[in-house]
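**Q** Can you keep this structure in mind? I'll have questions shortly.
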Amino acid sequence: MDIHEYQAKEVLSNFGVTVPDGALAYSPEQAAYRAREMGGERWVVKAQVHAGGRGKAGGVKVCDSDAAIQEATEGMFGKKLVTHQTGPEGKGIYRVYVEAAVPIDREIYLGFVLDRTTQRVMIVASAEGGMEIEDISANRPDSIVRATVEPAVGLREFQCRQIAFKLGVEATLVQQMVRTLQGCYRAFTELDATMVEVNPLVITSDNRVIALDAKMTFDDNALFRHPQISELRDKSQEDPRESRAADRGLSYVGLEGNIGCIVNGAGLAMATMDTIKLAGGEPANFLDIGGGATPERVAKAFRLVLSDKNVQAILVNIFAGINRCDWVAEGVIQALKEVQVDVPVVVRLAGNNVEAGQKILAQSGLPIIRATTLQEAAERTVGAWQSDASQTTLKAVS
Ligand code: GDP
Ligand code: MN
């Protein structure tokens, strides 16, 4: 789960990281009011969307008057901000953050990620802050400083000092760097984050080390341990298909293709997507309905997959290990009676009681296309989609 910049800043500041003064606003008038309340002469208004690259896309504006703040935010509220991280559809702006502007002397990149190779938290830093990490590693790979943290002892001060020196931070500021790095690390581990990014971390002309931007992602599977973090979820920033699935306890990722997939088990779902591609189709989604495959879950899955208007055929691929294929077949039939499905449906079952399951499907009287192997299932789905699509074209022509 991602959170907004202003939320990440609040979280990090509770761990001792210095952030600018700021206040949240839900309208241009409120934004101007917040700035007056804060005082000062220059402010930065920042669109709160779950994506980086806002600066270049017009989502970050430096203002020096009430009128400028009103004008800048009027151009933001209710609009979609399209950055290189949002995809072409963009993300809606419903909140802006107003901050006291700080005089920047240097910008540093700072990121905390989980490194799969070492199975450790890795700190990635660069003296080339402000640029996105992808650009830094493409253009200035030599500027990247890396350090891994030994989990048993945590992030040590000497490591932080080493990082600070490698970044060329002045000796008088090293203590502030240590505090920042340790604060981010503690927030990362104590809150089960999977990513903390401060870009830029700035050194101001009056010698302060401040997190000017902040991004945090949390491990969804650990959110139950952190109710105060789960509360920060903002559904307006999520793919509506994915948040609907999460609410129903299904694991769903929306994709661009038109073959809907209903599968149990993440590995099988991946294999199903690969096989669809091999057969010449494009999957519309990844969907793992979990172990149960009860009629209710299968019905929910059909509704979810069909809520994507691009879906033109559905492949149901269920392996019954603990479950039984005859029960799954009953579930599929019940779901198809409950949910109106106007696209071809291919069902492939494997595992316990597979013959009984196939028989139930065959005798159901429903137009279910059956398949034995995954390859056959994928080929039949792609075939059904192609002939269905050509029929639609014919209809459109005649
Ligand atoms: P992002 O583009 O979504 O990553 O948004 P950032 O919060 O990183 O802001 C983009 C850029 O705006 C930063 O790299 C800074 O150069 C600039 N910026 C943001 N806040 C301030 C500020 O308080 N003062 C000044 N001078 N520049 C700022
Ligand atoms: Mn940034």
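**Q** Given the -39500 (n - 2.57) contribution per DSSP H run of 4+ residues, what per-residue ellipticity at 222 nm results for the chain, rounded to the nearest 500 deg cm²/dmol? Could you put the intermediate results ahead of the total?
**A** Working: 13 runs with 148 residues, N = 398.
Taken over the chain, the calculation gives -11500 deg cm²/dmol.
**Q** Also, quick follow-up: What FRET efficiency, computed as 1/(1 + (r/R0)^6) with R0 = 56 Å and r the Cβ-Cβ distance, is obtained for Leu278 and Ala101, rounded to the nearest 0.05? Intermediate values should be presented prior to the final figure.
**A** Working: r = 54 Å, r/R0 = 0.97.
Once the sixth-power term is evaluated, E becomes 0.55.
**Q** Hey, got the dipole for the stretch 1-135? About the Cα centre, +1 on K and R Cβ, -1 on D and E Cβ, debye to the nearest 20?
**A** Numbers: 15 positive and 20 negative charges, 66 e Å.
Dipole about the Cα centre, nearest 20: 320 debye.
**Q** Which Cα, out of Thr272, Leu306, Val347, lies furthest along the positive dipole direction of the stretch 254-368 (beta carbon charges, K/R +1, D/E -1)?
**A** Result: Val347, furthest along the dipole toward the positive end.
**Q** Among DSSP beta bridges lying fully in the chain, give the percent that are antiparallel, nearest 5.
**A** Just about 75 percent of them are antiparallel.
**Q** Using 0.36 nm times the number of residues separating Asn139 and Ala246, minus their current alpha carbon distance, what extension gain do you get?
**A** So the chain would gain 34.7 nm between Asn139 and Ala246.
**Q** Something else now. Roughly how many debye, to the nearest 20, is the charge dipole of the stretch 240-397 about its Cα centre, given +1 on each Lys and Arg Cβ, -1 on each Asp and Glu Cβ, and no other charges?
**A** 220
**Q** Given Cβ point charges of +1 (Lys, Arg) and -1 (Asp, Glu) and nothing else, what value in debye, to the nearest 20, does the dipole of the chain about its Cα centre take?
**A** It comes to approximately 620 debye.
**Q** Mind checking the full-extension length gain between Glu157 and Glu89? Use 0.36 nm per residue of separation minus the Cα-Cα distance, one decimal, nm. Spell out each step's value before the answer.
**A** Working: separation 68, 0.36 × 68 = 24.48 nm, distance 4.36 nm.
Length difference between fully extended and current span is 20.1 nm.
**Q** Moving on. Kindly identify the stretch 240-397 as rounded, prolate or oblate by the Cα gyration tensor criterion: order the square roots of the eigenvalues as a ≥ b ≥ c, call it rounded if a/c is under 1.5, otherwise compare a/b with b/c, prolate if a/b is larger, else oblate.
**A** It comes out rounded by the Cα gyration axes.
**Q** Within 10 Å of each candidate Cβ there may be at most 10 other Cβ atoms; applying that plus a DSSP loop requirement, which GluC sites (Glu not before Pro) in the stretch 31-127 survive?
**A** Glu41, Glu89
**Q** Looking only at the stretch 240-397, where both bridge partners belong to it, what percent of the DSSP beta bridges are antiparallel (to the nearest 5)?
**A** Counting only bridges with both partners in the stretch 240-397, antiparallel ones make up about 20 percent.
Values in this text are rule-based calculations from the coordinates and carry no lab data. Computed from a predicted model, the values in this text were never measured in an experiment. Positions of Cβ are generated from backbone atoms using ideal geometry, with glycine treated the same way; all protein chains shown enter the neighbour counts.
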